[in-house]
1. Across the range 76-99, which residue is surrounded by the most Cβ atoms within 10 Å (Cβ to Cβ) among those that are hydrophobic (A, V, I, L, M, F, W, C) and part of a helix (DSSP H, G or I)?
2. Does Ser302 fit the bill of being touching a Leu at 6+ places or on another chain (Cβ under 6 Å), at pLDDT 95 or above, hydroxyl-bearing (Ser, Thr, Tyr) and not in a helix (DSSP H, G or I)?
3. Could you list, in sequence order, the residues of the range 100-120 that are surrounded by fewer than 24 Cβ atoms within 10 Å (Cβ to Cβ) and not in a helix (DSSP H, G or I)?
4. Right, Lys290: on the phi > 0 side of the Ramachandran plot and among the basic types (Lys, Arg) or not?
5. Of everything in the range 49-75, what is under 16 Å from the mean Cα position of the chain (by Cα) and surrounded by fewer than 17 Cβ atoms within 10 Å (Cβ to Cβ)? Give them in sequence order.
6. Which condition from (1) of a type in the set (Lys, Arg); (2) under 15 Å from Lys281 (Cα atoms); (3) touching a residue at least 24 places away in the same chain (Cβ under 8 Å) is the one that Lys129 breaks?
7. Could you go through the range 191-206 and let me know if any residue there is open to solvent by 30 Å² or more (accessible area, probe 1.4 Å), among the charged types (D, E, K, R) and part of a helix (DSSP H, G or I).
8. Among the residues of the range 221-255, how many are farther than 28 Å from Phe104 by Cα and either in contact with a Cys (Cβ under 6 Å, 6 or more places away or on another chain) or assigned to a strand (DSSP E or B) (or both)?
Amino acid sequence: MKEKNAFKTGFKKLVGRTMASGAMSILALTNVQAQDKAAFVYIGPTSDHGWTYSHDQGRIKTEKALAGKYKTSYIENVPETADAERVIRNLAQQGNKVIFATSFGYMNAMEKVSKQFPNTVFMHATGYKQGKNLGVYDVRTYEGAYMLGVVAGHKTKKNVLGVVASFPIPEVVRNINAYTLGAQSVNPKIKTKVIWVNSWFNPGKERDAALALIAQGADVLMQNTDSPAVVQAAEQKGVYAFGWDSDMSKFGPKAHLAASVLHWEKIYSPVMTQVSNKTWKPSSMWYGVKQKAVDIESFGPSVPAAAKTKALSVRDAIQKGSLHPFAGPIYKQDGALLLAKGKSLDDAALSKMNYYVKGVEGALPK
């Protein structure tokens with residue numbers, strides 16, 4: 001009798017454990033199925049250590065911060081052609097709740113596909129077109145460029161800076177001007193030379209441009225391109241450079257002065273939370289130092305203490321709103337007054353900047 005009762009008790013426990021295990025498995029499956037999906041479209045490889053790398057770091061940090069609420073994926077090396085439209089449409093068809101496209105050239109494709117999938121949220125980086133389910137976002141990279149300029153103004157011995165630039169669009173022109181103005185704020189003698197490579201990611205062209213700028217007398221380089229080739233060239237030639245979008249110090253330990261680092265998770269996390277909570281609305285998000293979306297980091301050992309202190313004080317002033325990188329007086333390249341003292345350029349003016357400020361040499365490509 002005891003053996004029979006023991007068998008019954010053991011059987012009940014086994015069934016109970018099995019049912020509990022099954023319930024746990026079903027619950028786990030339900031949790032997985034309940035995860036929302038978000039997808040990212042990248043212009044370059046995640047290993048570029050620049051623009052795409054910074055976006056992917058933001059994706060990883062956001063997925064971790066949201067603790068299982070989202071499953072993210074990405075497609076890298078997507079050209080700004082008809083391929084972009086195909087990729088974005090496929091991601092929408094796969095059931096992604098939100099799709100982030102991270103380059104200006106994806107704008108028209110995002111607009112077109114967003115109209116075909118009204119229940120999907122589309123977010124486009126650096127663009128300006130919006131719709132019922134299409135928003136735009138960006139980081140104020142010019143604030144980072146201004147802070148790097150402050151360091152460059154302290155460090156240069158020749159008073160000649162160099163910039164390896166990608167495409168002559170307002171975003172890049174702003175960064176060149178901000179870098180120059182930041183340097184001139186501590187060293188009015190500064191001149192800036194620019195070489196355009198017409199590519200976001202082409203290490204060979206970036207390196208060649210850096211070497212050309214060094215040959216022209218530039219001893220502190222900034223870039224608005226995505227690879228660490230500029231830092232590597234500076235290291236080889238014994239001049240200085242900055243990390244752009246991320247810390248690039250490992251590619252030039254002696255050359256690397258500091259980095260303008262982007263923290264895209266400051267945008268991705270709230271957007272994805274709003275999408276899952278169904279509170280998202282289309283808007284134009286332009287985050288900067290104030291929101292900790294861009295910062296100056298990874299100062300190198302050759303940066304003078306005074307330069308680091310000044311750069312950090314500038315960062316704090318930008319964060320508090322007491323300093324604007326484009327505050328007057330500002331003069332155009334030809335010396336004409338652009339902005340009087342006491343005024344600053346608003347976002348509308350910044351978004352269509354198509355001129356060089358005084359001190360930048362050469363003609364702006366058209």
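1. Ile88
2. no
3. Across the range 100-120, the qualifying residues are Ser103, Phe117, Pro118, Asn119, Thr120.
4. Answer is no for this residue.
5. Passing the criteria: Ile60, Lys61.
6. The number of the failed condition is (3).
7. yes
8. 1
The values are calculated or read from the model by the stated rules, or taken from the named source; none is laboratory data. Note that the structure is a prediction, hence the values are computed from the model and not measured. Every residue, glycine as well, gets a Cβ built from its backbone with ideal geometry; the counts of neighbours run over all protein chains shown. For accessibility, only protein heavy atoms count, side chains too; no ligands or nucleic acids. Shrake-Rupley method; radii C 1.70, N 1.55, O 1.52, S 1.80 Å.
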